[in-house]
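Single-structure report; data block below.
Read-outs throughout are calculated quantities, based only on the coordinates presented, and are distinct from any laboratory measurement. Because the structure is predicted, anything quoted here is derived from the model rather than measured. Cβ placement follows ideal geometry from the backbone for every residue including glycine, while neighbour counts extend to all protein chains displayed.
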Amino acid sequence: MLKTPINLFFRLLELLVVLSMLAMVVMVFGNVVLRYGFNSGITVSDEMSRYCFIWLTYIGAMIAMRERGHLGVDTLVKHLPTLGKKVCLFVSESLMLLCNGLFLVGTWRSHELQATNFSVVVGISMIWIYGVGYVVGTVMGLFNLRVLLLLLTGRLPDDELVQVVDSEDVPHPVRTESDREGAHA
């Protein structure tokens, strides 16, 4: 029931990443061509591509958290007994929740300043840029709370006690014979 809205939300985030990347490429490449080829340029492209990069980074962090793609060191934790893994996961998720809470509170405390501060070239309120902290702090905090709730209620499977996923463990799409033939053509 709840999986569909969450999947749709993350599909939207993935679309925003693609659109941000596309916008950055078009703005920067277009500006380079205009500067070197026509001795002119687009004044807003530097600022807007920087803002797209900020949002792209934070949206990518949320997607990576959902897919467990963030860097982690499990050398010690994977060799601990189940209780040790649970304690480490609790401490880890609690610290991440604290950081996300601080991120959210920091965004809230600087909201008024950012709302009244405008970008130099584009002229938009900077809360549209730094307000990403609301989204990131909330979404990632909810992920931390979910893991903590599952852990504390005993519903977290033992194979998820180590939250680091090796790149070899990430499922890759199976290539069909027609895919292989198309790659060689």
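Structure summary
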| quantity | calculated |
| --- | --- |
| Whole-number percent relative contact order across the chain, with pairs defined as alpha carbons under 8 Å at least 6 apart | 23 |
| Debye, to nearest 20: dipole size of the chain, +1 on Lys, Arg Cβ, -1 on Asp, Glu Cβ | 420 |
| Mean ellipticity per residue at 222 nm, deg cm²/dmol - from DSSP H runs of n ≥ 4 across the chain, formula -39500 (n - 2.57) | -23000 deg cm²/dmol |
| Charge-dipole axis of region 72-166 as Lys and Arg at +1 and Asp and Glu at -1 on Cβ define it, positive-most pick from 138, 80, 161 | 138 |
| Estimated dipole of region 1-67 in Debye, rounded to 20 [Cβ of Lys and Arg +1, of Asp and Glu -1, Cα centre] | 140 |
| The chain - convex hull of the alpha-carbon atoms, volume per residue in Å³ | 192 |
| DSSP H segments from the chain that extend 27 Å or more along their own axis, Cα-based, with Kyte-Doolittle mean of 0.5 or above | 3-38, 82-109, 132-152 |
| Set of lysines with alpha-carbon distance to residue 3 below 26 Å, sequence-local pairs under 8 removed | 86 |
| Convex hull volume per residue for region 72-166, taking Cα atoms only, in Å³ | 112 |
| Cleavage-rule hits, trypsin sites (Lys or Arg not before Pro), region 81-147, DSSP coil, Cβ neighbours within 10 Å at most 14 | none |
